[in-house]
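Okay, structure first, notes after.
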Amino acid sequence: MRNFSIIAHIDHGKSTLADRLIQICGVVSQRDFQNQFLDNLYLERERGITIKSQAITLPYTAEDGQTYHLNLIDTPGHVDFSYEVSRALNSCEGVLLVVDASQGVEAQTLANLYLAMEHDLNIIPVINKIDLPSADVEEARRQITEDLGLDGDEAIAISAKDNINIPAVLEAIVKELPPPVGDSDEKLQALIFDAQYDPYRGTVIYIRIKEGTLKPGEHIRFMHTEQEYKVEEVGLFGAKREAKPQLTAGEVGYVIAGVKNVADTKVGDTITHQKQPADKPLPGFTEIKPVVFSSIYPVSTDDYPELADAIDKLMLNDASLTAAKDSSGALGFGFRCGFLGLLHLEVVQERLEREFGLSLILTVPSVRYRIYTNDGEKMEVENPSYYPDPSTIDYCEEPYIRASIMMPERYIGSVMTLCLERRGENSNMTYPSPGRVDLSFELPLAEVIYDFYDKLKTVTQGYGSFDYDIIGYRRTDLARLDILVNSERVDALSSLVHKERARPRALHAVKKLRDTIPRQQFKIAIQGAIGSTIIARSTIGAFRKDVTSKCYGGDISRKRKLLEKQKAGKKRMKLVGNVPIPQKAFLAVLQSD
Ligand code: GDP
Ligand code: MG
């Protein structure tokens, strides 16, 4: 048995290589094969990112004549899900590190390598895409040696797309990675690294057995949540789940134990037996909590029941998504949702819109602030609607992160500037390898969730990688920024901001609304305000939009079509006072330039 994972910079061919390995080992028949088998959420396939980790067992008969079980554990590829990556790597002994022969080593190659090293994994470098005319295998070998400190001459040169030299990868997994260690007679310790919801069986928990043996009928305990269950089924992952009489130390598989909600299993928790439990859980568990909050409303208030149903369904399979009822004067009923980060938010939004056909409005994402009032009370506020009267506030605190940004040395100036603009403090620099810098900065989380990652990618031309840990709360100068349309507050556009950042944010919102709200027969005033102080303003002049003016002559059916189109457009608008605000205006305010 061998347990391994594939890591790579995005687009270097991780999913394509996984597909080839799955095909060669004959797990899936040619007819059933769908490209990028592991990325089975269509959204992941489309965006080319892997969000949830997945696992599959590949039976492989090696040159030595023995048949091995190769457990391939796919890892999510984004910082929002870094905790899940970490747990998934914890279930492996080694990784394939894929480098694109035409691109060479890039930011995420290095970040992934460090993660693998942190988990003491064996690393097999693989150079992919050697079929490309622009491939430079020798240069890739040189970079693997010099930038990564691995043996570039040993790297296996392949083409995942054209199926060149894939068997060499399989042989290397068998020869270079150690089999898992662990004692099947020890007390049970099984690491949870993922969980998925199955409508017929409930929660299917993905585990790596570190010590001991697990069988159906046994009573188990989750060591951190202290919940107890009875095992119904255990098994391995082929193309489908394959039930087995037991799972033993070293194996990667699944357990079904009547767990109703995915949220009841925590990734990183340890499963042990109720009788004769292990002395202590496996290390590294932390409870993942949402850090970014936004309210989700249906564009049409009639769609609220559908939205409620869709969010329930998503939550079955996504333990890190939280939701509570919310309501807004402008937008009606909706949900206040909590996310792991901005990508997580976008993924949820896209799934709601595309899988469930909903059309949605999301409010400005916020972090959770601590507000201490004059009478000594402490409140936690992430929703601008619950921001108390400022005269009752003693002081506020906001969450801070320690960001670790890795990049080639030449970008250091622009990245420093970006971090300082975002109220960064206490920077520190290390050089993990020549020419590369690891810059650490303490930053307010609120400054990072807005558009930091996009900006970082721009100033480093895609070479900057970014990871962060939350380090605690610090005092801050907080205010609620309101947006007024014809003097009426649009509650869904209010946001909690640092006072220093209020004016640029207000100018941005006012400008976006001016550009996206259609002219009316009357003047529209748009203002940004803190309390009664106006800090930004703009006006949309009066104008009657005549959509039929483009139709010369008397083609009445064409005229009617245009008018109908205009009517349909109006349905996607929200009235604030007497001003219709289109959905795209709410969205535009959220986007950065
Ligand atoms: P991932 O982001 O690392 O999972 O990368 P993918 O496996 O999704 O591949 C990214 C792109 O590179 C896709 O368009 C693949 O078809 C292409 N690709 C992957 N492997 C090869 C290869 O060996 N040769 C060529 N020419 N293209 C490849
Ligand atoms: Mg992929």
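The values are calculated or read from the model by the stated rules, or taken from the named source; none is laboratory data. Small disclaimer: the values here were computed from a predicted structure and weren't measured. Methodologically, a virtual Cβ is constructed for each residue, glycine included, from the backbone with ideal geometry; neighbour enumeration extends over all protein chains shown. The accessibility values were calculated without ligands, DNA or RNA, using every heavy atom of the protein model including side chains. Shrake-Rupley method; radii C 1.70, N 1.55, O 1.52, S 1.80 Å.
Which of the GluC sites (Glu not before Pro) found in the stretch 318-379 are in a DSSP loop and have at most 13 neighbouring Cβ atoms, other than their own, within 10 Å?
Qualifying residues, ordered by number: 377.
Toward the positive end of the charge dipole of the stretch 369-476, with +1 on the Cβ of Lys and Arg and -1 on the Cβ of Asp and Glu, the farthest Cα among 441, 462, 388 is that of 462. Helix 412-421 axis versus longest C-alpha principal axis of the chain: approximately 50°, rounded to the nearest ten.
Roll a 1.4 angstrom probe over the protein heavy atoms and tell me the percent of accessible area of the chain that is carbon or sulfur.
So the carbon and sulfur contribution to the accessible surface is 47 percent.
Taking a ≥ b ≥ c as the square roots of the eigenvalues of the alpha carbon gyration tensor, the stretch 283-391 is oblate, as a/c is not under 1.5 and a/b does not beat b/c.
For the stretch 179-187, the Karplus equation 6.51 cos²θ - 1.76 cosθ + 1.60, evaluated at θ = phi - 60°, returns couplings of x, x, 9, x, 10, 5, 8, 6, 5 Hz by residue, with Gly and Pro reported as x. The loop-placed chymotrypsin sites (Phe, Trp or Tyr not before Pro) in the stretch 167-216, going by DSSP, that have at most 14 neighbouring Cβ atoms within 10 Å of their Cβ come out as 200.
On full extension, the segment bounded by residue 288 and residue 591 gains 106.4 nm, given 0.36 nm per residue less the C-alpha separation.
Taking 0.36 nm per residue of separation and subtracting the current Cα-Cα distance, fully stretching the chain between residue 239 and residue 425 would add 62.0 nm.
Distance between the pseudo-spin-label points of residue 246 and residue 486 (7 Å out from Cα toward the beta carbon): 7.5 nm. Of the trypsin sites (Lys or Arg not before Pro) found in the stretch 246-327, those in coil by DSSP whose Cβ has at most 14 other Cβ atoms within 10 Å are 260, 275.
Relative to the Cα centre, the charge distribution of the stretch 369-476, modelled as +1 at Lys and Arg Cβ and -1 at Asp and Glu Cβ, gives a dipole magnitude of about 520 debye. For the pairs 175/260; 313/499; 455/511; 14/175, note any where the Cα-Cα span goes beyond 32 Å. Violating the 32 Å Cα-Cα cut-off are 175/260; 313/499.
Under the shape rule built on the C-alpha gyration tensor, where the axes satisfy a ≥ b ≥ c, the stretch 308-372 is oblate, since a/c reaches at least 1.5 while a/b does not exceed b/c. What FRET efficiency comes out for residue 183 versus residue 417 if R0 is 45 angstrom and r is the Cβ-Cβ distance? Round to the nearest 0.05. About 0.25, to the nearest 0.05.
For the chain, the longest principal axis of the C-alpha atoms and the axis of helix 166-176 are separated by about 70°. In the stretch 292-363, taking the dipole from charged Cβ atoms about the Cα centre, the farthest positive-side position among 317, 299, 339 is held by 339.
Note on residue 146/residue 1: beta-carbon distance plugged into 1/(1 + (r/R0)^6) with R0 of 35 Å gives a FRET efficiency of 0.55.
Basic side chains Lys and Arg get +1 at the Cβ, acidic Asp and Glu get -1 at the Cβ, and with that the dipole of the chain about its Cα centre reaches some 3500 debye. FRET efficiency for residue 470 and residue 533, Cβ-Cβ distance as r, R0 = 35 Å, nearest 0.05? Rounded to the nearest 0.05, the efficiency is 0.60.
Need one word for the stretch 65-132: rounded, prolate or oblate. Basis is the Cα gyration tensor (sqrt eigenvalues a ≥ b ≥ c); a/c below 1.5 gives rounded, then a/b vs b/c decides.
oblate
Between residue 132 and residue 63, the modelled label-to-label distance comes to 2.9 nm, taking each label 7 Å out from Cα in the direction of the beta carbon. Note on residue 261 and residue 274: their simple-model spin labels are 2.2 nm apart, each label 7 Å out from Cα toward Cβ.
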